[in-house]
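One structure below.
The values are calculated or read from the model by the stated rules, or taken from the named source; none is laboratory data. These numbers were taken from a predicted model, which means no experiment stands behind them. Using ideal geometry, Cβ is built from the backbone for each residue, glycine included, and neighbour counts are taken over all protein chains shown. To get the accessible areas, we keep the full protein, side chains included, count just its heavy atoms, and leave off ligands, DNA and RNA. Shrake-Rupley method; radii C 1.70, N 1.55, O 1.52, S 1.80 Å.
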Amino acid sequence: MKRRPIARHAPHRSPTAFGSVMRMLGIGLGVLVVAALGIGGFLAADLAMRVGDGAVTLEDAPKVAAPSLDAYPGEFAVLLVGTDECGAVSTQKLGERCIDEDGIRNDVNLLVHVSAAPRRVSVVSLPRDLVVEVPDCTREDGTVASGSQRAVINTVFERAGLSCVAKTVTGISGVDIGFAAKLSFDGVMEITDAIGGVEICVGGTGIRDRHTDIDWEPGLRTVSGYEALQFIRVRKGIGDGSDLARISNQQQYMSRLARTILSSETLTDVPKVLRLANVVADNVDPSDELANPVRLAQLGLAMKDVPFDDFAFLQLPTLEDPFDRNRVVVNEEAAEPMWAAIRAGAALQITGKASNHGGVVDQQGEGGEGDEGEGDEGATPEEPAAPGSPDPTSSASERAVLSEQISGIDLTQDTCSGGRR
């Protein structure tokens, strides 16, 4: 475990989405690396068989280009779903939380959109307590799950599987989803271990949360295995204690994970890439069009040169549900211009805070709701690794300006958890 003091006023704005894409792309990278080393036949076939096992067909998905050994042509979208299902390790750690589970829920829902050239990556987190309209969906066994005018989004996977989550998110966003994948609790731990851990930043007065058994002092901390799972699940010990605060904290984790995987230290470390590819093959359940290592390499090639400031991590803007104060609904006035800009492949200008609910604090020390006046207490990390080159085609005046009600960051920014004890 690594802990060390951190500077108070260094940059800190930070993301459960692009990190997940890159975890899956490890399979494709692994295949290419193995093939380049001349030992690819057996290992590449093994990876392909394992990642394709149990692949799901997406209902009403758009037609996608055939796999080939070059960058994916045109735009594409990937839905990444994190479920609350437990495996052997998480059951041992979480005990009754896993034993008493009464169905698998999609608690993390991330829509990743990659534009056509010039490439831009937008990652939108949809809250698990979001009330949405769910369409009729065909299950994997061929039966039909009836739609609903009002359902909580994290019940959709249990209702009709990954395909139905994708169909529902397309209805919300207007973005056609060609690819999707699911990851469970154990998968989060295994993948973080495969890259040697992720350094996160704990700000405020530290995090104390009995629900996740965290009691951490402020500072930088490298998390892996079960600690990584604890960190992305923590809610009560950050910001205003809401799921919306937790999403911002998850974005911190994802942005740091993405930069770690994109670093030259990772991509040139052949054993690490192969270890990551093997772990992903065993822990990620993809849609059928994603269940091909060459396809994964294609998607990776499409994103490899995107400037860091053109990776946007956004939280879907919401309002309190008028029928249930414990739920939220889409803030259509703020959301629709965002979706339109994403569908158009526009560069985005984030004007809102890193978190509207205090889940993280940014480099000016300003928090969101629930942590006013605590910003200067927030610890911040050292300067991040050098970001990608700025995109000369997307000056500030040419960017689509998002509503201040939309919280988010880009990949150049660091955040620290808005911790409270």
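Key figures for this structure:
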{"quantity": "Accessible surface of segment 48-203, 1.4 Å probe, proportion on carbon and sulfur as whole %", "calculated": "49"}
{"quantity": "Vicinal HN-Hα couplings computed from phi for segment 146-151 (Karplus, 6.51 cos²θ - 1.76 cosθ + 1.60; Hz; Gly/Pro x)", "calculated": "5, x, 8, 6, 9, 8"}
{"quantity": "³J(HN,Hα), Karplus 6.51/-1.76/1.60, whole Hz, each residue of segment 210-220, x for Gly, Pro", "calculated": "5, 5, 10, 6, 9, 9, 10, 6, x, x, 7"}
{"quantity": "Computed over segment 56-175: relative contact order in percent, which uses C-alpha pairs under 8 Å that are six or more apart", "calculated": "26"}
{"quantity": "Loop-resident sites, segment 203-258, for trypsin sites (Lys or Arg not before Pro), counting at most 13 other Cβ within 10 Å (DSSP)", "calculated": "ARG210"}
{"quantity": "Pairwise label distance in nanometres, ASN326 with VAL144, each label 7 Å out on the Cα-Cβ vector", "calculated": "3.3"}
{"quantity": "Whole-Hz ³J(HN,Hα) from phi, Karplus 6.51 cos²θ - 1.76 cosθ + 1.60, for segment 294-307, glycine and proline x", "calculated": "5, 4, 5, 5, 4, 5, x, 5, 5, 9, 5, 10, 5, x"}
{"quantity": "Placed amide H near ASN331: partners under 5 Å, 5+ positions off or other chain", "calculated": "THR318, LEU319"}
{"quantity": "Violating pairs (Cα-Cα greater than 24 angstrom) within the set LYS93/LYS272; LYS63/LYS182; LYS182/LYS353; LYS167/LYS236", "calculated": "LYS93/LYS272; LYS182/LYS353; LYS167/LYS236"}
{"quantity": "For segment 231-339: accessible area per residue (Å², 1.4 Å)", "calculated": "36"}
{"quantity": "Long-range amide H partners of VAL56 with built H, under 5 Å", "calculated": "SER287, ASP288"}
{"quantity": "Whole-angstrom gap from segment 180-210 to segment 128-179, using each part's C-alpha centre", "calculated": "27"}
{"quantity": "Segment 186-278: relative contact order as a whole-number percent, Cα under 8 Å and 6+ apart", "calculated": "28"}
